1. Within 10 Å of each Cβ of B:426-433, how many other protein chain Cβ atoms are there on average?
2. Give me the net charge for the shell around B:Ser308: Cβ to Cβ below 11 angstrom, other residues only, Lys and Arg +1, Asp and Glu -1.
3. For a quick size check, give me the Cα extents of region B:52-125 along its three principal axes, largest first, whole Å.
4. Considering Cα pairs under 8 angstrom that are at least six residues apart, work out the relative contact order of region A:2-112 and quote it in whole percent.
5. Would you please name the chymotrypsin sites (Phe, Trp or Tyr not before Pro) within region B:367-435 that are DSSP coil residues with at most 15 other C-beta atoms within 10 Å of their C-beta?
6. For the protein assembly as shown, with every protein chain kept in place, what is the accessible area per residue (1.4 Å probe, Å²)?
7. Take each of the peptides B:215-227, B:63-75, A:98-110, average the number of other beta-carbon atoms within 10 Å over its residues, and list them starting from the highest.
8. DSSP H helices in chain B with Cα extent of 27 Å or more along the helix axis and mean Kyte-Doolittle hydropathy at least -0.5?
Amino acid sequence: MKYIIAVIQPEKLDEVLDELTKNDVHLATVSNIMGRGVQKGIAEVYRSHKEAGSLLKKVKLELAVNDDFVDATIEAISKGAKTGAIGDGKIFVLNLEECVRIRTGEKGSGAIG
Amino acid sequence: MLTISRRISVIVSLCLFSYIGLISETFSNETSLETINSGDTAFVLVCAALVLLMTPGLAFFYGGLVRKKNFLSVLIQCYIIIGIVTLQWVFIGYSFSFGSSELITGFIGGFDHFALKNVGMEAKGTIPHSAFMIFQGMFAIITPALIIGAFAERTRFSAMCIFMLLWTTLVYDPVCHWVWGGGFIGAMGALDFAGGTVVHINAGVAALAFALFVGKRKGYPDKISPPHNLPFAILGTGILWFGWFGFNAGSELAADGIAANAFVVTHVAAATAVIAWAILDWIINKKPTVLGVITGAVAGLVAITPASGFVNPMGAIIIGFGSSSICYFFVAYLKPKFGYDDSLDVFGVHGIGGIWGAIATGFLADEAIGGTAGSLAQTMIQIKSVIITIGYAFIMTYILLFIVNLFVKLRVTTEEELIGLDLSDHRESAYTVLE
């Protein structure tokens, strides 16, 4: 079991979710976040004052997947989120120790899907 | 001691006020023509301010309904239209709409009031000419602003500005002239008290043409997020409702019985439409919804607009109930079948509600109020005026869109659309994520 965290451009979320659906990955948690990497984002301007170089709006996806789905998930996220420009984001893959379905008390791989 | 000095100050200020009043009365008697009525003038000026307030109200009504990445784009579109149309109105719009000479007889006014020439303190009816001009100018502002709802979230700001200037000049001004400026629809005997054809059908049909021309938003209909801030939409509707009293009652251009009747029927129709939409929602979707209630309010206000100087409160109830029912049916059942993306239902509410109101005026008119009794013949005249307006507004809007699109693309790029217009067109965000 792996826990996959992806930080992507907000406007690519729909495409990433579409790609995941195509690969039978339906479960995901999504949140609005701020982040910063090496890229420069779209600077906002307020009364001619440029708000640049600070944190940029990003979207974070978190998915728990069984081992068979790890490669497909990574590929799907990459395909959906990629523009080729700096700022496309990153994917982090972590080992997942346990997963419990609250309703049934089921544990492990069976509880993920 | 304190109370005595207070009393003295009250007496002194009362004397002062009445003295100032006396001076200003003398002054106004000297400068103005004798037909100007101070009550009517005060009323129309206040109503003009109320009608202006409708556009920021509309901005929040529409803005609350779009996704948060496009919130500011809708607000700025409304505000820039206030700027563009005001200057257009000052230079050419008023002259084209209400000019006494005509460029094309019965069709469009001439240049006699170019840059407000001969529009000043002299009387027009019982109010100063400039009061009449600015009151009508507020109508010219809100009408193109209504169209925004149809093309929200995907239209380039620069192209929209050019389109709005052309549309106001070549669609709003002529239609306004036809109906109110001495043109051929008014001469036909069609009844349009405050703008069923000129404002709502005109804007509603233009909205349909725009939605068809610019295409659906990416992800429509299944992947568009719900309204981002319904409380703003409610607040916006409240401001619209409030401003609508100026719109309808003010259209009498005098503080008299017909203005009072227009005020009453406007309110009664909106209230009825609110209840009607809520009941329909309750029956069909099992719950009354906030968006339904405010949509009903707008549908009722739209439909009563042409009728407000001609129907009695019972007629207003029929118009309000009918408007919610017809608009509900159209928005919930017919629009999805057609498949076009009129994002905020400008055609479904203003177009359809306006058509219903204009036709209903023909058979619900009460002779005791506006001097015209409802009849089949009057209804036929109403239908004729509606068809002419629909045809002209649709064809001209489509031609203007085609021309503007040759020079500046109306639709933003897919990337800009996904990022959202606030950031891509205006470099601003409505909300921050962190403090």
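The values are calculated or read from the model by the stated rules, or taken from the named source; none is laboratory data. Just so we're clear, the structure is a prediction, and the values are computed from it rather than from any experiment. All Cβ positions, even for glycine, are placed from backbone atoms using ideal geometry, and neighbour counts span all protein chains on display. We work out accessible area using only protein heavy atoms, side chains counted, and drop any ligands, DNA or RNA first. Shrake-Rupley method; radii C 1.70, N 1.55, O 1.52, S 1.80 Å.
1. That average works out to 4.
2. Result for the neighbourhood of B:Ser308: -2.
3. For region B:52-125, the Cα extents along the three principal axes come out at 47, 28, 19 Å.
4. Relative contact order of region A:2-112: 42 percent.
5. B:Tyr431
6. Using a 1.4 Å probe on heavy atoms only, each residue of the protein assembly as shown averages 46 Å².
7. The most tightly packed comes first, giving B:63-75, B:215-227, A:98-110.
8. In chain B, the long hydrophobic H runs are B:2-31, B:38-65, B:129-151, B:230-250, B:257-285, B:376-407.
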